[in-house]
Amino acid sequence: MNAAVDGSRLRAVQGQYLTFYLNEETFGLSILCIKEIVEYSRLTSVPQMPRFVEGVINLRGHVVPVINLALRLGKEPAPPQKRTCIVIIEINFEGATADVGVVVDSVSEVLDVSGADIEPAPGFGARLRAEFIAGMARLGSAFVILIDAERVLSISEMASLAITASELNGFTVGGSD
Amino acid sequence: MSVDDALAAFEEEAREMLTEMESSLLAIEGGGTDPGLINAIFRAAHTIKGTAGMFGQDGVVSFTHHVETVMDDARKGKLTVSSDLVTLMLRCCDHMGFLVGEGLGRETRGEEEAAREKVLLEGLMSFVGGDEAVARRAAKGADAVQGASTAAASEPAVAASNSDGDGGDTGTPDGWHVRVRFGSKVMREGMDPLAFIRYLSTQGTINWIRSELLNLGAPEAFDPENCYIATELVISGGIEEPTIRAVFDFIADQCELTVEPCSTAWLTESRRFPAQTPEPAAAASTASEPAPEPTPAPPPAQVVASPAEAVPVTSGGDDGGARRGGGVPAAAAGKGGESRFLRVEAEKLDQLINLIGELVIAGAYSSLIAQRLRDGEMLEAISTVTGLVESLRDTALNLRMVPIGATFTRFQRVVRDLSAELGKDVDLQISGADTELDKSVVEKISDPLTHLVRNSLDHGLETRERRIEAGKSTVGTLQLHAYHDSGSIVIEVADDGGGLNADKIRAKAVERGLISPGATLTTREINNLIFEPGFSTADAVTNISGRGVGMDVVKQNILSLRGTIDIESEPGVGTLTRIRLPLTLAIIDGFLVNVAGGAFVVPLSMIVECLDLRRDDIETASGRNYVNLRGKVLPFVRLRDVFEKNDGVQRRENIVVVNYAGRMAGLVVDELVGDFQTVIKPLGPLFKMVRGISGSTILGSGEVALILDVPSLIDLATRIEHHESDRVERTTL
């Protein structure tokens, strides 16, 4: 996703997108960063992490963090059901790639989206941090928000949120009082 | 393999070779007489030169060449390896290390380095030519001066204009190494290259000559009227540099000429023109020029090296060398070393161990299912598989094991240099060098060990005078000892110096506020205070140690390796520092517990015992977090509270009693599951701020369990408690 690095609003390019549901809303994610989709199995929660970090799972011997995407995007998550699954995404982190899983309610289909069908993210109205939106894909009469995985799942940003969360709980090294 | 990869491999190999050279030199200095040692030094220099040449690292090549020349003489028995030579060679090793770094653009040459190189080269020159030449030079180079003036006097007019007859430097080497690259138009302008050489031969004695065809290029571009010849020769017999240069005056603007002093002993080594041709093959095609003097054939050392030398060492690096056990590591890398070791990328090994870790987990899962199915045949088959998988895991982990010898040997140099600097006589004794431990632990233990060794040398061992006063031998002893002890490796650094001054440490600790003035501490506890942050009892800060940042960093490093450090000292007798480390970082002996439905692993090495947490125990403590453990107060931490995992269900609870740095504490958990050996998986950067958890592991069921970091967990519990009591105080105020 070379388009993700430039600062312009429209960072999505034409290509294939996986659509999925989060609490009855459809989102899209470029398939270039998707490694695989696994069943939602039992997670091990890690203490002192923000609420959107659900925990870790064992992905064939690797311990992979799992993010609740709905919570990360500021939505209320739907309770897990039969079709809930974890999409494993490859994220760049300090020159290497790291795997991160995101919980989605269900995956729908892979769509070919042409460049003409992609609109820049609106400045407001999506009720979502604008930088999280790579673009809006026109699908018939509706729009699907294309998520910018690199920003939504930025490990350094999420880790810094973890610090803030533990500070609020008074767990920091220096004590917060 | 990209150029960068190749360069990285070159650097790694060069550094390994340098280490090998260094340890061989030190072994020689320590009285080693094995000719294999000198051979190893020569071979290392030769390999470095060869590979550096392949990468165009000219700085390394030219310097190393001189080192190689001197070592070649030593190898052939022409030069005795004196302690002066060892000292010089050690410094050369350091400089070669710098040159390698410089060639890769990692270091820049300052005045100091340039001056150092000059001094080293002069030093090397003084050894050139073997014992005889050294002795002759010492006797004085008078002959050379005389010879030079004779030659100048009988010189025809051609050279006369430029020659200055008096030029008789003392210390002139006995010959000149002349390299001339004739310009392509030389023959067209009516000059015959041979004529110059022939004339030169009348001026002195040409000891050796060799010609090459350069820049031949493609056959169709060949011009028979062009000159492609380059010649190098060694001339001796009292001729002087200006005389030589004057010979080529006619074509001065059409040839490249270098004249370097050398000794005729260089004839043992061929020199090449720096390859400037696009195709190195052209430079390699050698053509013999008819020479006036009978010429020795170009020495084969470089061109037709024996296979063992030509192959840029594929094995027998530091690990391989050390496998022989500390003493003479370099010699081990010699004959036949190639076939015994295989160099494997660490990553591939890690991958293998990861896969085996998964296999262990998958195996555990299948045996779980087999048990559920109660199929006897199936159970039997699975148990065979499990047995095999376990031995496979042990073998794989063993692959990562390397002897600690290589790390120990490195300290010979540290001790040698430091003791010279401090003016102390120190005898370094190494034992248990073949004790094996995980490669990743070896890498991380080197720095803390260096610090301890330096500390012992600087503060531990007394000066010669003090030792005489104390009635000890003037030579101090520093011992490095390693051995295996119940699943861990123990490394001891011991000196027979003055020992720690407990009163001084105590006073200092009180001054720094680390302990209260009235505290009762055992000597051992006082001694271990030196590992507290900001503690240094050295009266003067030297450049070796004493800045007070050392020992606590050492302790942190050891703790981060899940190890422990302990110091024992007796005033006037000596100090012993004992480091205890797990054999590997990849595997942990753990004890599995359950807390509010989540699985946690406590490192087994820290567990003392497990107890029932009885209701009346809690009630007696009236809401406070401690119990009575056989008459002692045992504070405890509720993992449910610390991890905020309260599911509201009240179960019977258990206490796991852990011992951390001499303190006892209890961890309150729901359920005790049992001990097992497990592969550690890091949690990744996202969780780096999580305290109380050091990593994770995968259980047989495929579930992830978190590994508790006991020291930081207790620390965390302490902070939470303080925080809460603060809050209570504030609300009551």
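Which condition does A:M49 not pass, out of (1) surrounded by 17 or more Cβ atoms within 10 Å (Cβ to Cβ); (2) modelled with pLDDT of 90 or more; (3) farther than 24 Å from A:V13 by Cα; (4) within 14 Å of chain B (Cβ to nearest Cβ), if it passes all the others?
For A:M49, the exception is condition (2).
Listed residues B:E465, B:E380; which is of a type in the set (D, E, K, R) and within 23 Å of B:S701 (Cβ to Cβ)?
B:E380
Can you name the residue in the range B:699-713 that is at pLDDT 80 or above and open to solvent by 10 Å² or more (accessible area, probe 1.4 Å) and, of all such residues, is nearest to the chain's Cα centre (by Cα)?
Out of the qualifying residues, it is B:D709.
What number of residues in the range B:96-116 are touching a helix residue (DSSP H, G or I) at 6+ places or on another chain (Cβ under 9 Å) and surrounded by fewer than 22 Cβ atoms within 10 Å (Cβ to Cβ)? Show your work before the answer.
Initially, the range B:96-116 is screened for residues touching a helix residue (DSSP H, G or I) at 6+ places or on another chain (Cβ under 9 Å), giving B:96-104, B:106-109, B:113, B:116.
Of the ones still in play, those that are also surrounded by fewer than 22 Cβ atoms within 10 Å (Cβ to Cβ) are B:97-98, B:101-104, B:106-109, B:113, B:116.
Residues in the range B:96-116 being touching a helix residue (DSSP H, G or I) at 6+ places or on another chain (Cβ under 9 Å) and surrounded by fewer than 22 Cβ atoms within 10 Å (Cβ to Cβ): 12 in total.
Is there a residue in the range A:61-70 that is at pLDDT 85 or above, open to solvent by 50 Å² or more (accessible area, probe 1.4 Å) and more than 8 Å from every other protein chain (Cβ to nearest Cβ)?
Scanning the range A:61-70 turns up no residue that is at pLDDT 85 or above, open to solvent by 50 Å² or more (accessible area, probe 1.4 Å) and more than 8 Å from every other protein chain (Cβ to nearest Cβ).
Give the residue, chosen from B:D73, B:D5, that is more than 23 Å from B:V414 (Cβ to Cβ), among the acidic types (D, E) and without any contact (Cβ under 8 Å) to a residue 40 or more places away in the chain.
Every option except B:D5 fails the conditions.
Taking the options A:L69, A:L59, name whichever one is among the aliphatic types (A, V, I, L, M) and under 15 Å from the mean Cα position of the chain (by Cα).
A:L69
From the list B:G59, B:G32, B:G36, which residue is outside any helix (DSSP H, G or I), in the same structural domain as B:L120 (by TED's automatic domain parsing), open to solvent by less than 40 Å² (accessible area, probe 1.4 Å) and not acidic (D, E)?
B:G32
Closer than 27 Å to B:A114 by Cβ, touching an Asp or Glu at 6+ places or on another chain (Cβ under 9 Å) and not hydroxyl-bearing (S, T, Y), is that true of B:V60?
yes
Does B:L379 count as modelled with pLDDT of 75 or more and part of a helix (DSSP H, G or I)?
yes
Taking B:R615 as the residue in question, decide whether it is surrounded by fewer than 13 Cβ atoms within 10 Å (Cβ to Cβ) and either within 13 Å of another protein chain (Cβ to nearest Cβ) or at pLDDT below 75 (or both).
yes
Do you know which residues across the range B:108-127 are under 14 Å from B:M96 (Cβ atoms) and under 25 Å from the mean Cα position of the chain (by Cα)?
B:R109, B:E113, B:R116, B:E117, B:L120
For (1) in contact (Cβ under 8 Å) with a residue 60 or more places away in the chain; (2) crowded, with 23+ Cβ neighbours inside 10 Å; (3) not assigned by TED's automatic domain parsing to the domain that holds B:C610, each residue gets a yes or a no:
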position: B:V637; (1), (2), (3): yes, yes, no
position: B:D641; (1), (2), (3): yes, no, no
position: B:R663; (1), (2), (3): no, no, no
position: B:G666; (1), (2), (3): no, yes, no
position: B:Q677; (1), (2), (3): yes, no, no
position: B:H722; (1), (2), (3): no, no, no
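Might you check whether a residue that is within 21 Å of B:F248 (Cβ to Cβ), modelled with pLDDT under 85 and open to solvent by 50 Å² or more (accessible area, probe 1.4 Å) occurs anywhere in the range B:173-184?
yes
Going residue by residue through the range B:353-360, is there one that turns out to be within 14 Å of another protein chain (Cβ to nearest Cβ), acidic (D, E), under 16 Å from B:K439 (Cα atoms) and open to solvent by 30 Å² or more (accessible area, probe 1.4 Å)?
To start, the set of residues in the range B:353-360 that are within 14 Å of another protein chain (Cβ to nearest Cβ) comprises B:353-360.
Right, trim to acidic (D, E) and you get B:358.
Adding the requirement that they be under 16 Å from B:K439 (Cα atoms) leaves none.
No, the range B:353-360 contains no residue that is within 14 Å of another protein chain (Cβ to nearest Cβ), acidic (D, E), under 16 Å from B:K439 (Cα atoms) and open to solvent by 30 Å² or more (accessible area, probe 1.4 Å).
The values are calculated or read from the model by the stated rules, or taken from the named source; none is laboratory data. Remember, predicted model here, so these are calculated numbers, not experimental data. Positions of Cβ are backbone-derived with ideal geometry, glycine not excepted, and every protein chain shown enters the neighbour counts. These accessible areas exclude ligands, DNA and RNA; they are computed on the full protein's heavy atoms, side chains included. Shrake-Rupley method; radii C 1.70, N 1.55, O 1.52, S 1.80 Å.
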